[in-house]
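Report on the structure given below.
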Amino acid sequence: MKYKVIALAVSGALLAACGSDNDNYVDAPTGSSTSLQAFDGAVRFLDAYMDCGQGFDFLGETGGKGIINIGEGNYPLFDENPSQCTFEFGENLHSSGGGTNDAVDESNSKPMPNIKYTVPGDLIVAGQPIVGTPYTTLIAQAIEDDTSGLTVDEIINQVFTATLPAGTTLTDTQKQLLLSDPQAALDSMDASTSKNVQASTMILSDALVGAEAQTGGRTVEDIANVTQTLATSLAADANFPTNSSGEPTYVDYTRDLDDSDNFDSVVAKTPNPIEPLPPSTDDEGNQQEPIQEGEVIDDELPPTDIPPVDEELPPPTGGTGGTAG
């Protein structure tokens, strides 16, 4: 069995209420809103949903830096106890609604049409930032699948240990930051550690998409194995995370890892930094060089605000507080 180190590259927070039993939206005073972020790098235009026990409400699409700011009072059940809520990110996941823009990674322009990130209530603490990333998603699955009575901290540590390239060491502070402010976590790391974390995050995102597409999904161990194996080769490549021209790069194995045979072949391999990355498959089904050149999206886009800035609030809805955004 292979052991790998998981890392979570993410940033942002969600502190707004979910599943309202209040008939009215509250116009949030200045400073009383908190943010929800999708991070792989930051993913803009990704649909965000929240469920506090009454079904998933569509919050809106993430804005600049992958963030949605949610005014306090719009979702009283979340205000009351945020750990009773679950958050999901993905394109048109639920019948409560969805956005119209195509999700994209701001750090390299990688299209993100198929990703699905989850933040379980176990990772939510009132007053602290929450982020949706590939790693919160794998941790959520590990918590759900655990039959050994492990604590959440023990599961988090196991997931980290199972996914990053061998020899990558994260402090407890860095682990916590990766679950709340991933950009700050990356900024605190030396170049080698940061590169390993970025590689694992990117590969894990694709592995989760591939696992989701397979009947019955895949185990946490299988997903972690695939992540560490491919991330070990990716992190060792001189053209990652930038190429010789200084342009950001990325890989996309989503169309390869949705095949169970391909997935199994990677699971069976031993991570080896000398082993080059296999080719990936493009939208037309053709093999291509695994590392693609991207572009930083540096146009300024404000975060999404709920309720919208300078707009009239929606009428009272009752029940779950509606689908603002």
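The values are calculated or read from the model by the stated rules, or taken from the named source; none is laboratory data. Quantities reported herein were computed from a predicted structural model and do not represent experimental measurements. FYI the Cβ positions are ideal-geometry reconstructions off the backbone, even for glycines, and counts take in every protein chain you see.
Residues are listed down the side, and each one gets a yes or a no for (1) outside any loop (DSSP other than H, G, I, E, B); (2) more than 30 Å from Val251 (Cα to Cα); (3) at pLDDT 90 or above:
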{"site": "Ala16", "(1), (2), (3)": "no, yes, no"}
{"site": "Asp23", "(1), (2), (3)": "no, yes, no"}
{"site": "Ala48", "(1), (2), (3)": "yes, no, yes"}
{"site": "Leu59", "(1), (2), (3)": "yes, no, yes"}
{"site": "Asn92", "(1), (2), (3)": "no, no, yes"}
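Would you please list the contacts, defined by Cβ atoms under 6 Å and residues six or more apart or on different chains, that run from a residue in segment 138-166 that is of a type in the set (Ser, Thr, Tyr) to a residue that is not in a loop (DSSP other than H, G, I, E, B)?
That search, which allows pairs on different chains as well, returns Thr161/Val5; Thr163/Val5; Thr163/Ser200; Thr163/Ala224; Thr163/Thr227; Thr163/Gln228.
So which residues in segment 133-163 are acidic (Asp, Glu) and under 29 Å from Val104 (Cα atoms)?
Scanning segment 133-163 gives a single hit, Glu144.
How about segment 94-136: which of its residues are under 11 Å from the mean Cα position of the chain (by Cα), of a type in the set (Ser, Thr, Tyr) and closer than 18 Å to Tyr253 by Cα?
Within segment 94-136, Tyr117, Thr133, Tyr135 qualify.
Restricting the first residue to segment 61-77 and requiring it to be on the phi > 0 side of the Ramachandran plot, which pairs with a second residue that is in a strand (DSSP E or B) and among the hydrophobic types (A, V, I, L, M, F, W, C) meet a Cβ separation below 6 Å and a spacing of at least six or different chains?
Pairs found: Lys65/Ala42; Gly66/Ala38; Gly66/Phe39; Gly66/Ala42; Gly66/Val43.
Evaluate segment 231-238: report whether one residue or more is of a type in the set (D, E, K, R), surrounded by 14 or more Cβ atoms within 10 Å (Cβ to Cβ) and under 13 Å from Ile203 (Cα atoms).
no
Would you say Thr86 is closer than 26 Å to Thr34 by Cα, crowded, with 24+ Cβ neighbours inside 10 Å, under 18 Å from the mean Cα position of the chain (by Cα) and among the polar types (S, T, N, Q)?
no
Against the definition (crowded, with 24+ Cβ neighbours inside 10 Å, closer than 26 Å to Asp252 by Cα, touching a helix residue (DSSP H, G or I) at 6+ places or on another chain (Cβ under 6 Å) and modelled with pLDDT of 80 or more), how does Asp40 come out, yes or no?
Yes, satisfied.
Considering each residue of segment 95-137, count those that are free of Cβ contacts under 8 Å to residues at least 60 places away in the same chain, β-branched (Val, Ile, Thr) and crowded, with 17+ Cβ neighbours inside 10 Å, and give that number.
So the count comes out to 1.
Report every pair of residues separated by at least 6 positions or lying on different chains whose Cβ atoms are under 8 Å apart, first residue within segment 294-308 and over 26 Å from Asn243 (Cβ atoms), second of a type in the set (Asp, Glu).
Thr304/Glu61; Pro307/Asp27
May I ask you to list the residues in segment 115-132 that are in contact with a Pro (Cβ under 7 Å, 6 or more places away or on another chain), within 22 Å of Val104 (Cβ to Cβ) and part of a loop (DSSP other than H, G, I, E, B)?
Scanning segment 115-132 gives no hits.
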